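Chemist: Right, I'll just put the structure down here and ask away after.
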Amino acid sequence: ASSVGAPAYLEVEQSYIIIKPDGVQRGLVGEIISRFEKKGFLLKGLKLFQCPKDLAQEHYKDLKDRPFFPKLIDYITSGPVVYMAWEGDGVVASARKLIGATNPLQAEPGTIRGDLAVQTGRNGVHGSDSPDNGKREIALWFKDGKLCQWESVQTPWLIE
Ligand code: IDP
Ligand code: MG
């Protein structure tokens, strides 16, 4: 089903994506955004942002008992990130495939992590792991709840 002409009550799936501080510092912002753009998903929100510690802890709260948690919070707050909301049918699972495995050495070539990173602790990008977490993370980071409502001229050439 396409978002164009879909009834307003039908919710279109959204994924929350972060270009982590290493991705920003290494000049990979354009490259990473390009992967999602070229695939054909719709960009609904984007910001360059220095993440405070409490937000990072809330975002990664499911991992709070893991040994690497303090280092993960230091990493994600170590410099600006670019955070985004991307929309489309199946975007959550597809974005996870585009991103690749958590450990970049195990990520397939052709994926973002497989092509652009070498260590789990510097794996460049975050993507929601379920549609529900997509909603939770977008609500958490886009505090005012405002995503940009627009339609791409490409949509009829992407979705029949
Ligand atoms: P994901 O980002 O592929 O969903 P998660 O298991 O949800 O992976 O972990 C979140 C993030 O925490 C990872 O992307 C990575 O930055 C970091 N992380 C996960 N496991 C480790 C580890 O064993 N050492 C260091 N950092 C880790
Ligand atoms: Mg995860």
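The values are calculated or read from the model by the stated rules, or taken from the named source; none is laboratory data. This one's a predicted model, so the numbers in the text were calculated from it and none came from an experiment. Cβ atoms come from the backbone with ideal geometry, glycine included; neighbour counts cover every protein chain shown.
Chemist: Counting just the residues of segment 36-50 that are crowded, with 19+ Cβ neighbours inside 10 Å and over 18 Å from Phe142 (Cα atoms), which one comes out farthest from ligand 2 (Cβ to nearest atom)?
Modeler: That would be Phe41.
Chemist: Output the strands (runs of 3 or more DSSP E) that fall wholly within segment 1-95 and possess 2 or more residues being modelled with pLDDT of 95 or more and among the hydroxyl-bearing types (Ser, Thr, Tyr), or say none.
Modeler: Details: elements: 14-19, 42-49, 81-87.
Output list reads 14-19.
Chemist: How many of the residues making up segment 96-137 are within 18 Å of Tyr60 (Cα to Cα), hydroxyl-bearing (Ser, Thr, Tyr) and crowded, with 17+ Cβ neighbours inside 10 Å?
Modeler: Of the residues in segment 96-137, 1 are within 18 Å of Tyr60 (Cα to Cα), hydroxyl-bearing (Ser, Thr, Tyr) and crowded, with 17+ Cβ neighbours inside 10 Å.
Chemist: Take the residues in segment 51-65 that are more than 17 Å from the chain's Cα centre (by Cα) and more than 15 Å from ligand 2 (Cβ to nearest atom), then tell me which one is farthest from Pro80 (Cα to Cα).
Modeler: Only one residue fits best here, namely Asp54.
Chemist: Are there any pairs, at least 6 apart or on different chains, whose C-beta atoms fall under 7 Å, with the first in segment 118-139 and within 13 Å of ligand 2 (Cβ to nearest atom) and the second aliphatic (A, V, I, L, M) and in a helix (DSSP H, G or I), and if so, which?
Modeler: If the second residue must be aliphatic (A, V, I, L, M) and in a helix (DSSP H, G or I), the pairs left are Val125/Ile32; Val125/Ile99; Val125/Ile112; Gly127/Ala95; Gly127/Ile99; Ser128/Val92; Ser130/Val92; Gly134/Val92.
Chemist: Return only the number of the condition from (1) surrounded by 14 or more Cβ atoms within 10 Å (Cβ to Cβ); (2) more than 16 Å from ligand 2 (Cβ to nearest atom); (3) more than 12 Å from the chain's Cα centre (by Cα); (4) more than 30 Å from Glu160 (Cα to Cα) that Val82 does not satisfy.
Modeler: All conditions are met except number (3).
Chemist: Only one of (1) part of a loop (DSSP other than H, G, I, E, B); (2) within 13 Å of ligand 2 (Cβ to nearest atom); (3) farther than 23 Å from Phe68 by Cβ is not met by Ser152, so which one is it?
Modeler: Evaluating Ser152 over (1) part of a loop (DSSP other than H, G, I, E, B); (2) within 13 Å of ligand 2 (Cβ to nearest atom); (3) farther than 23 Å from Phe68 by Cβ leaves (2) as the failure.
Chemist: Only one of Pro80, Pro52 is more than 13 Å from ligand 1 (Cβ to nearest atom) and farther than 26 Å from Phe41 by Cβ. Can you tell me which?
Modeler: Values: Pro80 fails: farther than 26 Å from Phe41 by Cβ.
Answer to the selection: Pro52.
Chemist: Residues being within 17 Å of Gly124 (Cβ to Cβ) and aliphatic (A, V, I, L, M): count how many of those fall in segment 32-72.
Modeler: 6
Chemist: Right, another one. Could you give every pair whose Cβ atoms fall below 6 Å, whose first residue belongs to segment 49-66 and is within 14 Å of Ser78 (Cβ to Cβ), and whose second residue is more than 16 Å from ligand 2 (Cβ to nearest atom) and not in a helix (DSSP H, G or I), counting only separations of at least 6 or pairs across chains?
Modeler: Gln50/Pro80; Cys51/Thr77; Lys53/Thr77; Ala56/Thr77
Chemist: Let me spell it out: the conditions are (1) within 15 Å of Gln14 (Cα to Cα); (2) free of Cβ contacts under 8 Å to residues at least 60 places away in the same chain; (3) within 16 Å of ligand 1 (Cβ to nearest atom), and Val91 meets all of them except one. Which number is the exception?
Modeler: (2)
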